[in-house]
1. Wholly within segment 9-83, which helices (runs of 4 or more DSSP H) include no fewer than the required count, namely at least 1 residues that are within 23 Å of the chain's Cα centre (by Cα), modelled with pLDDT under 85 and aromatic (Phe, Trp, Tyr)?
2. Could we say that Asp108 is of a type in the set (Asp, Glu), outside any loop (DSSP other than H, G, I, E, B) and under 30 Å from Ser172 (Cβ atoms) here?
3. State all residues of segment 109-126 that are modelled with pLDDT of 90 or more, surrounded by fewer than 18 Cβ atoms within 10 Å (Cβ to Cβ) and either of a type in the set (Asp, Glu) or over 12 Å from the mean Cα position of the chain (by Cα) (or both); if no residue qualifies, say none.
4. Are there any pairs with C-beta distances below 6 angstrom linking a residue in segment 82-96 that is over 14 Å from Arg67 (Cβ atoms) to a residue that is buried (at least 18 other Cβ atoms within 10 Å of the Cβ) and modelled with pLDDT under 90, with the two at least 6 apart or on different chains, and if so which?
5. Being assigned by TED's automatic domain parsing to the domain that holds Glu169 and either touching a Leu at 6+ places or on another chain (Cβ under 7 Å) or without any contact (Cβ under 8 Å) to a residue 40 or more places away in the chain (or both) narrows it down to one residue among Phe133, Phe61, Phe123; which is it?
Amino acid sequence: MIKHYTVKELPSEERPYEKCEKFGAACLSDAELLAVIIRTGSKGQSSVELAQRILVESNGFLGIQRRSIRQLMKMKGIGYVKAIQIQCIGELSRRIAMSRREERIRMDTPEKIAGYFMEDMRFRSTEVLRAVFLDTKQGMIKDILVSSGTVNMSVASPREIFLEALRYEACSVCLLHNHPSGDPTPSREDIYATKRVRDAGSLLGIQLVDHIVIGDKCYISLREQGYW
């Protein structure tokens with residue numbers, strides 16, 4: 001009978017817990033970090049070996065994050081509990097990346113805005129549109145998810161965006177949306193919808209300061225690209 005190996009049953013030099021305690025978590029490989037979360041292996045594989053296979057089949061952590069619970073469970077060695085554990089650690093990582101101590105973060109450059117939302121938006125498997133409302137000093141008042149799961153920006157509603165902007169007494173707005181393909185090049189629909197929102201904001205005295213398209217660890221600022 002083939003035994004299921006736990007992390008504790010691995011040879012001492014392969015135990016992620018001991019390595020982490022002795023050298024710190026930064027010394028662990030991606031597979032070892034994942035093995036600590038899933039804890040047990042599968043038939044014929046230690047937890048580290050199973051974690052390594054999951055990473056290879058998913059094309060790394062980004063691919064894992066994009067899989068649903070059902071999709072994770074289709075992978076050999078991943079049951080309901082392991083799938084939940086993997087989903088939760090992905091969400092925890094996202095929230096850590098998004099957390100900030102400042103009450104009002106200055107969003108005065110495309111780099112700052114993209115950097116703040118990058119880890120949240122680049123993992124998404126569908127397009128989402130986010131609006132960021134800013135005060136007179138371009139401090140962030142609030143950000144909201146305007147739409148989710150759309151295929152392009154043409155469905156963006158200026159009315160909905162500026163009703164929320166007025167609600168939060170924003171002086172300006174920045175839009176962000178992601179391209180799940182990883183390529184942030186704006187489409188014709190992106191450019192057209194941006195101009196609609198810009199023009200609507202001008203009538204209300206609420207400036208659209210930028211529209212940033214998020215790719216995989218990259219972004220494009222439509223203002224910097226001269227689209228208006």
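The values are calculated or read from the model by the stated rules, or taken from the named source; none is laboratory data. Everything numeric here is computed off the predicted structure, so don't read it as measured data. No Cβ is skipped: glycine too gets one built from the backbone with ideal geometry, and neighbour counts run over all protein chains shown.
1. Once the helices (runs of 4 or more DSSP H) in segment 9-83 are filtered for at least 1 residues that are within 23 Å of the chain's Cα centre (by Cα), modelled with pLDDT under 85 and aromatic (Phe, Trp, Tyr), what remains is 61-65.
2. No, not satisfied.
3. Within segment 109-126, Thr109, Glu111, Lys112 meet the criteria.
4. As it stands, the answer is Arg94/Asp120, since those pairs meet every condition given.
5. Phe123
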